[in-house]
Amino acid sequence: MRVRVPLALFGAATLLVAACTSAATQAPAGGAAGAGSNAITAELSEWAIKLDSSTGTAGTVTITINNKGEKTHEFVVVKTDTAADKLPVVDDEVPEDQLEAIDEKEDIKSGATETLVLNDLKPGHYVFLCNLTGHYAKGMHADFDVK
Ligand SMILES: [Cu+2]
């Protein structure tokens, strides 16, 4: 018995070390392989914002914005825990000053392609929206998560 108890403890300790080692090596690998991307394509139309990926990787995220619609649109990025379709609306616009505004691209003409580079994007939930009068309420919004 004097021998078996320490052996059992040693065995358990080895298992714990193995479990910790495996968890530690998996975390960075998972982050690097990641579901997110640093290059996102957004398609604007009446009345939607379609993303090729709804998740990104923290850091610099470049968004290529194509306006496939017939009207001029804009592309606003806010950081918020609120779902894209649940933002407050005042006078047919989302009150950006009540939200954490990150960046935006205004006046994107029909057929135009613009590039918006978001530097040092932190992990969290973001909403992309067009905030021209009435456009958000008609459906021009998209959820975006940064891992
Ligand atoms: Cu719009």
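FYI, it's all coordinate maths here, none of it is from the lab. In this text, all values refer to a predicted model and were calculated from it rather than measured experimentally. Note that each Cβ is placed from the backbone with ideal geometry, even for glycine, and that neighbours are counted across all protein chains shown.
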Which one, Y136, Q98, L116, is farthest towards the positive end of the dipole of the stretch 39-146 when Lys and Arg carry +1 and Asp and Glu -1 on their Cβ?
L116
Distance violations [Cα-Cα > 22 Å] among K86/K109; K71/K122; K68/K147; K109/K147; K79/K147
K86/K109; K71/K122; K68/K147; K109/K147
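So for the stretch 62-131, averaging the separation of alpha carbon pairs under 8 Å that are six or more residues apart and normalising by length, what relative contact order in percent results? Present the calculation step by step, with values, prior to reporting the outcome.
Values: 120 pairs, mean separation 38.1, N = 70.
Worked out over the stretch 62-131, it gives 54 percent.
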Where the only charges are on Cβ atoms (+1 Lys, Arg; -1 Asp, Glu), what is the dipole of the stretch 33-147 about its Cα centre, to the nearest 20 debye?
420
So how far, in whole Å, is the C-alpha centre of the stretch 57-78 from the one of the stretch 110-146?
5
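If you take the Cα atoms of the stretch 72-147, find Rg, then find the Kirkwood Rh from the mean of 1/r over all pairs, what is Rg/Rh?
Numbers: Rg = 12.0 Å, Rh = 12.7 Å.
Reported Rg/Rh, Kirkwood definition of Rh: 0.94.
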